[in-house]
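Read the structure below first, then the notes.
A short reminder: the numbers here are calculations on the coordinates, not readings from a lab. None of the values given here were measured: they were computed from a predicted structure. With ideal geometry, Cβ positions are generated from the backbone for all residues, glycine too; neighbour counts draw on all protein chains shown.
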Amino acid sequence: MKGEFLFPEMSNLYGDPANFRYLEACLPDAEWIRTNNRSTPRFATEQIDFLYLGSMPEDKQVLAAERLRPYTDTLRRQIEAGTVILATGNACELFGEYIADADKKTPMLGLYPFHAERNLEKRINCHLLGSFEDIKIVGYKSQFSVLRGEFPGEFIRADGGMGNAPGDRSEGFRDRNFFGTYLLGPLLVLNPLFTKYLLRLLKQEDRLAFEKEALEAYECRLKQLEAPNAVFPMGEHG
Amino acid sequence: MKKLRFWISLWGGKFFLALFKATGNRRDDRPGSAAMHLYHKFLTYVRKPALTIVVTGTNGKTSISSMATDFFTLRGKKVAYNDWGANHYAGMARLLLDAVNIFNRSTKDIAVIESDELISPNSMPQLKPQFILVNNLARDSMIRNAHPGYIFDHLKKALELTPDATVILNADDPLSCFMGEGNRRVYFAVEDLGIESGKSILDDFAVCPQCGGKTAYAYRNYRHIGAFFCPECGMKAPAPDYIGKNAGNGTVTVREADGSETAYPLASDSVHNIYNTVALIALLRAQGIAAAEIAEGLKSIKLPVSREMGECVNGIELKTQVCKGQNATAASTVFRQLGLDPREKEIIMIVDEVFENPGKVETVAWIHDSDYEYLNNPHIHRIIVGGARYLDHRLRLLLAGVPEEKIVCIPEMSETPQHLRFDGDDAVFILHDVTSVSRGRAIFEAVKKRILEEGRMRK
């Protein structure tokens, strides 16, 4: 089992690298690769089972797209072959057609016919309670952009909090085993049941690091977000 | 019409200020908020003192502003200062309401204004300061501040709009040192402190902003702060005008561009406070105040109790320390300092921010961005975490490798002192958020009471 974290030196905001670290803790015997933006991605030259890309500053999105562009076809083939891919936070924007910011359009990889609309004057912050298949998903969103257009499939159905755009209950996108989501931070730590699902997709034993403690923290958060008085928009202090 | 609106806002604000002071609510921003509501350009038209200093940047604002205020006050100056960390429009307006009379004439000599970075493009041109100190930039709350690059853009714009201000910048901070191109710039730095930097999970300066290459350091004092450079394109830290060296045992020596050196007292030996103090020295020296006078003044200056407070009880060092929740770099700096501290200790942490509204659930992204790994240390006997997100902290501590038997995580902050064991402790640290200063002090008193009542002694 090989997992690759693309561009960890810049795709490292908001606690997102904890997703990769948590899988490392769950599967200590697997090979975990961190690929700098100056290096050739390993998925371009060998079989990689899990690919991860996380939140990054807006200028680094341009650099990341530039670095990945030569491998767009390879990425498409990997997706079609069922490679497990997770893109969290604004990394999900890289796989659409472009990012629109005021009157400027920055081309992205164009794997799917959606685009991001960014407004740097308005940060959107909310909790999310949703479901993926029969798994309840909890998490946070903190972003300048929304996604619009056509998505290959739905990842999460939002029951509380915002989906891909205001009024949209569909959060993120899914294409086979590629999961793109605006949920950021330690998504896999916060959602042990989804992490177990990913481990099974990776054909690994679905035993988590500190599983009991992770499940207790998950149940506690889930209970709070399912409470009738739960507040989904986030204030200044979270 | 504008003038009329200003006068109404001034008099209305002054009225509320007098009312609030009379009812014992001196540290309240609402008079400032009223003035801003009555006229949104209040900050533009209210008279500023002859000397206006703005202190901004991610971390250290309150400590530096407080020390600067104390310094000027000890010299007999009348200083206006938003000393409770009220660094938004209302707090600034409250400060300046107190710095003028009803005829809008200055009643203070100096304004020391702690300013939020995000509002700076709007607030800074209205405040028209002579000096702006940008202490550093780092990750802060993702909810407000997104990431350091986003804040850099805001501060850069603010400085472009205040070209007459002298800007004091941290030459060791690659995230903030390149702003202020149109201003007179004064740089401070600190030489290699020889502190083992340890491996951080955070790195805000891993990619050269000029060429995208991998950055390097001649030395790194903490986090991304140090003598940085890019081996690929040659980008490097600017030459400092004031550089701190030989810090420790309560003093720091500052060498100036002409080679002269002066030893200054330190209020705290912690690495971030060494930087805060050198920043303050650079700010004061840039105003032409003699080095000897600054050194004398710093002798009697302490850090604000909202940041740090300590007492030795039966030989056990009992200390409160601010540890900002939602701010991974501030928390990591404190954790690193505790990890490097060789004293045998127990730690109480109350760092959750949301505890009053039961419907609110706090994000814990920041705890997975913070270096809890530094707390996995043989000198730390026990870590007691109290607060709503206790289960998340427990999981994070376990993932950081802290042995389960050292961890106590409970929902009630007030019950944390009961779990101390005093098993050979030299020190007990109480880490609290900026929003829980009074809770931190209450826990401090409860721990002190336990030490005295149970006759606990340092072994």
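Below 8 Å, C-alpha to C-alpha, sequence gap of six or more: please give me the relative contact order for chain A in percent.
19
Between the range B:56-135 and the range B:1-50, what's the alpha-carbon centroid distance in Å?
The two parts, judged by their Cα centres, are 15 Å apart.
Send over the Kirkwood Rh of the range B:28-104, from the inverse of the averaged 1/r over different Cα pairs, rounded to one decimal Å.
After inverting the pairwise mean of 1/r, the radius is 13.1 Å.
Just counting partner chain Cβ atoms within 10 Å, what average do the residues of peptide A:12-24 show around their Cβ? Walk me through the intermediate numbers first.
Details: counts 9, 10, 11, 14, 3, 4, 8, 1, 0, 3, 3, 0, 0.
Mean partner-chain Cβ count within 10 Å for A:12-24: 5.
What is the pair-distance distribution P(r) of the protein assembly as shown, computed from all Cα-Cα distances in 10 Å bins starting at 0, with each bin given as a whole percent?
For the protein assembly as shown, the pair-distance distribution reads 3, 14, 24, 26, 20, 10, 3, 0.
How large is the convex hull of the Cα atoms of the range A:94-227 per residue, expressed in Å³ as a whole number?
113
Using only the Cα atoms, what convex hull volume per residue in Å³ does the range B:275-330 have?
Numbers: hull volume 7.0 nm³, N = 56.
That works out to 125 Å³ per residue.
No partner Cβ under 4.7 angstrom, meaning no disulfide-compatible partner by this rule: which Cys of chain B qualify?
So, B:CYS177, B:CYS312, B:CYS323, B:CYS409.
Loop only per DSSP, at most 12 neighbouring Cβ atoms within 10 Å: give me the GluC sites (Glu not before Pro) in the range A:185-238, ordered by residue number.
A:GLU205, A:GLU236
Given the range A:163-238, what whole percent of its Cα pairs are spread farther than 19 Å?
Numbers: 1444 of 2850 pairs.
So the portion of pairs separated by more than 19 Å is 51 percent.
Which shape class applies to the range B:22-62: rounded if a/c is under 1.5, otherwise prolate when a/b exceeds b/c and oblate if not, where a ≥ b ≥ c are the square roots of the Cα gyration tensor eigenvalues?
Judged from the Cα gyration tensor, the range B:22-62 comes out oblate (a/c at least 1.5, b/c at or above a/b).
What percent of all Cα-Cα pairs in the range B:108-204 falls into each 10 Å bin, going from 0 up to the bin containing the maximum distance?
In order of increasing distance, the bins hold 15, 44, 29, 11, 1 percent.
Give the Kirkwood hydrodynamic radius (Å, one decimal) of the range A:33-90, defined as one over the mean of 1/r across all pairs of different Cα atoms.
12.1
Could you compute how fast chain B diffuses translationally, taking Rh as the Kirkwood radius over C-alpha pairs and applying Stokes-Einstein at 10 °C with viscosity 1.306 mPa s? Give it in µm² per second.
In µm²/s, the coefficient is 69.
At what distance in angstrom do the alpha carbon centres of the range B:250-320 and the range A:90-146 lie from each other?
46
Report, in order of residue number, the helices in chain B meeting two criteria: a C-alpha extent of 15 Å or more along the helix axis, and a mean Kyte-Doolittle hydropathy of at least -0.5; treat each whole DSSP H run as one helix. All intermediate terms of the calculation are to be shown ahead of the outcome.
Details: long enough: B:2-22 (30 Å, 0.52); B:61-74 (20 Å, 0.41); B:148-160 (18 Å, -0.35); B:271-286 (23 Å, 1.09); B:328-340 (18 Å, 0.72); B:437-453 (24 Å, -0.11).
TM-like helix candidates: B:2-22, B:61-74, B:148-160, B:271-286, B:328-340, B:437-453.
What is the Å³ per residue value for the convex hull set by the Cα atoms of chain A?
Numbers: hull volume 28.1 nm³, N = 238.
Measuring per residue, one finds 118 Å³ for the Cα hull of chain A.
Taking a spot 7 Å from the Cα of B:GLU181 along the direction of its beta carbon, which residues of the range B:207-223 have an amide N less than 14 Å from it?
Counting only backbone N, you get B:210.
Roughly how many debye, to the nearest 20, is the charge dipole of the range B:28-133 about its Cα centre, given +1 on each Lys and Arg Cβ, -1 on each Asp and Glu Cβ, and no other charges? Present the calculation step by step, with values, prior to reporting the outcome.
Numbers: 12 positive and 9 negative charges, 95 e Å.
Here the size comes out at about 460 debye.
Note down the magnitude of the dipole of the range B:68-122 about its Cα centre, charges +1 on Lys and Arg C-beta and -1 on Asp and Glu C-beta and zero elsewhere, to the nearest 20 debye.
360
When all C-alpha to C-alpha distances in the range B:295-452 are sorted into bins of 10 Å, what percent of pairs does each bin hold, rounded to whole numbers?
11, 43, 35, 9, 2, 0
Give me the distance in nm between label points sitting 7 Å out from Cα along the Cα-to-Cβ direction at B:ALA50 and B:GLN210, one decimal.
Going by the 7 Å Cα→Cβ label model, 4.2 nm.
Step through the residues of the range A:150-157 one at a time and calculate ³J(HN,Hα) from phi using the Karplus curve (6.51 cos²θ - 1.76 cosθ + 1.60, θ = phi - 60°), rounding each to whole Hz and writing x for Gly and Pro.
9, 10, x, x, 8, 8, 10, 8
For A:VAL84, what residues show an amide H to amide H distance below 5 Å, using hydrogens built from the backbone and excluding near sequence neighbours?
HN-HN under 5 Å from A:VAL84: A:LEU51.
Could you tell me the relative contact order of the range A:101-183? Use alpha-carbon pairs under 8 Å, at least six residues apart, and round to a whole percent.
25
Among B:ILE350, B:ASN87, B:THR277, whose Cα sits farthest toward the positive end of the charge dipole of the protein assembly as shown (+1 at Cβ of Lys/Arg, -1 at Cβ of Asp/Glu, about the Cα centre)?
Going by the charge dipole, the pick is B:ASN87.
Report the gain in length on full extension from B:THR23 to B:ILE119: 0.36 nm times residue separation, minus Cα-Cα distance, nm rounded to one decimal.
Full-extension gain reported as 31.5 nm.
Using a simple spin-label model with points 7 Å from Cα along the Cα→Cβ vector, what separation in nm is obtained for B:GLU445 and A:ARG176?
In this crude label model, B:GLU445 to A:ARG176 measures out at 6.5 nm.
Take the Cα radius of gyration of the range B:48-152 and divide it by 2.2 N^0.38 Å, with N its residue count; two decimals is plenty.
Computed over Cα atoms of the range B:48-152, the ratio equals 1.07.
Efficiency by 1/(1 + (r/R0)^6): what FRET value for B:HIS419 and B:LYS3, r their Cβ-Cβ distance, R0 = 56 Å, to the nearest 0.05? Kindly include the intermediate steps, with their values, before the conclusion.
Numbers: r = 61 Å, r/R0 = 1.09.
Efficiency, rounded to the nearest 0.05: 0.35.
Let me have the relative contact order for the range B:277-378, percent, based on Cα pairs under 8 Å that are six or more residues apart. Could you put the intermediate results ahead of the total?
Values: 70 pairs, mean separation 23.6, N = 102.
Reported relative contact order: 23 percent.
7 Å from Cα along Cα→Cβ at both A:ASP29 and B:ARG343: what's the point-to-point distance in nm?
The modelled label-to-label distance comes out at 4.6 nm.
Taking +1 at the Cβ of each Lys and Arg and -1 at the Cβ of each Asp and Glu, which of A:LEU94, A:LEU128, A:PHE194 sits farthest along the dipole of chain A towards its positive end, judged by Cα position relative to the Cα centre?
The residue sitting most towards the positive pole is A:LEU94.
Going by amide H atoms built from the backbone, whose H comes under 5 Å of the H on B:ILE168, apart from near neighbours?
B:ILE132, B:LEU133, B:VAL134, B:VAL186
What is the extension gain from B:ARG30 to B:LEU452, computed as 0.36 nm multiplied by their sequence separation minus the C-alpha to C-alpha distance, in nm to one decimal?
Taking 0.36 nm per residue and subtracting the Cα distance, the gain is 147.8 nm.
What is the set of long-range amide H partners of B:ARG139 at a cut-off below 5 Å, with H atoms built 1.01 Å from backbone N?
Close amide H contacts, sequence-distant or interchain: B:THR329.
What's the magnitude of the charge dipole for the protein assembly as shown around its Cα centre, counting Lys and Arg as +1 and Asp and Glu as -1 at the beta-carbon? Answer in Debye, nearest 20.
2200
Along the charge dipole of the protein assembly as shown, pointing to its positive end and built from +1/-1 on Cβ of Lys, Arg, Asp and Glu, which listed residue (B:SER33, B:ILE316, B:GLY180) has its Cα farthest out?
Projecting each Cα onto the dipole axis, the largest value belongs to B:SER33.
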